[in-house]
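What follows is one structure encoded as structure tokens, with my remarks underneath.
The values are calculated or read from the model by the stated rules, or taken from the named source; none is laboratory data. Since we're looking at a predicted model, the values are computed, not measured. We place every Cβ from the backbone using ideal geometry, glycine too, and count neighbours over all the protein chains shown.
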Amino acid sequence: MSLADLVSFLESTPASFSLAELMRGASRGGVRAAITRGEITRVLPDRYAASLHAESWAVRSHAAAMWGPDGCALTGAGALFDAGLLPLPPAVVDLRVPRWRHRPSAPWLRITSTTYVPPVVLTRPDGATLVDSALALVHAYGRAPERERAELVYRLTRSNLVDPEAVRLHLDSLPRARGRASLLRRCALAQDGVESYLEERGAEEILVGRGFESIVRQHRLRVRGELFRLDAYDAQTRTAVEFDGSEFHAEPAQRVRDIRRDATLATIGILTLRFGYGDVEQRPDWCRDMVRDTLEARRLST
């Protein structure tokens with residue numbers, strides 16, 4: 001294989017290679033010349049790739065997994081991306097290692113050192129190892145900004161992509177975990193049917209206390225041949241409560257669907273109370289009073 005053939009191969013293969021692997025196709029001097037010309041890039045110590053791909057998630061994550069010690073595995077948001085659970089790869093590669101002697105690494109690589117041995121480790125087609133999605137969520141949650149944590153959990157649990165119980169089992173075994181208490185709380189809420197940050201606020205700040213004992217969450221109803229799922233529902237008074245976040249209710253077409261759904265539910269006597277993000281965040285007491293007073297009024301009328 002000529003040096004040109006080697007470079008062509010690397011450009012058609014978004015992965016990383018050791019110097020020994022590169023020297024199977026070219027001399028050490030030839031590899032150095034290709035690096036000098038900018039055709040090959042050193043991604044990590046003894047991990048090289050075509051400069052064309054050197055900054056990609058595929059190459060950086062593969063290089064990290066190959067460079068790390070035995071027992072290492074990709075984790076965090078990147079492992080969730082590799083599992084198809086997040087739409088975009090992160091800028092930082094998170095690598096879980098069983099032991100770590102500090103050594104210089106790249107600014108895009110973050111090490112999580114732990115004595116916890118996960119029961120399951122998966123392998124990508126390129127040979128890189130990664131933890132299971134539940135443990136990846138634990139690490140991603142701990143690194144995520146507070147404003148993003150709730151949606152990170154609920155986007156995965158509401159679609160049954162990650163089992164909250166599996167997350168809890170990992171947390172029970174981990175000696176340390178950032179955000180452990182709030183992640184456990186959100187896993188419990190997810191198991192109780194909560195599917196978004198607004199519903200979380202509703203469960204913890206609004207639909208609590210006297211008068212809400214008969215409320216059920218994420219209740220499914222079939223009306224006129226259509227299946228609807230209600231954020232919260234009181235069957236005794238036929239009252240539905242919806243928490244309308246911008247992600248699912250802001251677009252005109254979505255608002256039209258909401259209006260039509262409310263009209264369909266009204267044909268069997270169901271009243272829908274809707275609360276937007278601003279009121280749920282800034283006036284939870286007012287929201288709670290509105291729901292409680294409505295339930296009491298409808299109980300009196302039946």
Options S159, S182: the member that is hydroxyl-bearing (S, T, Y) and modelled with pLDDT under 95: S159
Restricting segment 108-164 to residues that are assigned to a strand (DSSP E or B) and surrounded by fewer than 15 Cβ atoms within 10 Å (Cβ to Cβ), the one farthest from the chain's Cα centre (by Cα) turns out to be S113
Does segment 236-249 include one or more residues that are without any contact (Cβ under 8 Å) to a residue 12 or more places away in the chain, assigned to a loop (DSSP other than H, G, I, E, B), not basic (K, R) and not assigned by TED's automatic domain parsing to the domain that holds L135? no
Every residue in segment 268-302 that is part of a loop (DSSP other than H, G, I, E, B) and either touching a His at 6+ places or on another chain (Cβ under 6 Å) or surrounded by 14 or more Cβ atoms within 10 Å (Cβ to Cβ) (or both), please. I270, R283
Being part of a loop (DSSP other than H, G, I, E, B) and in contact with a helix residue (DSSP H, G or I) (Cβ under 7 Å, 6 or more places away or on another chain): is that true of G25 here? yes
Is it fair to say S105 is of a type in the set (S, T, N, Q), within 30 Å of G25 (Cβ to Cβ) and part of a loop (DSSP other than H, G, I, E, B)? yes
Listed residues D82, D46; which is in the same structural domain as R124 (by TED's automatic domain parsing), in contact with a helix residue (DSSP H, G or I) (Cβ under 9 Å, 6 or more places away or on another chain) and surrounded by fewer than 22 Cβ atoms within 10 Å (Cβ to Cβ)? D82
Checked L198, L156, L161 against criteria (in contact (Cβ under 8 Å) with a residue 60 or more places away in the chain and in contact with an Asp or Glu (Cβ under 9 Å, 6 or more places away or on another chain)); the one match is L198
Do the conditions hold for L265, that is, is it assigned to a helix (DSSP H, G or I), in the same structural domain as V162 (by TED's automatic domain parsing), touching a residue at least 12 places away in the same chain (Cβ under 8 Å) and among the aliphatic types (A, V, I, L, M)? no
Identify, please: which residue in segment 208-231 is under 17 Å from R299 (Cα atoms) and of a type in the set (A, V, I, L, M) and is, among those, surrounded by the most Cβ atoms within 10 Å (Cβ to Cβ)? I215
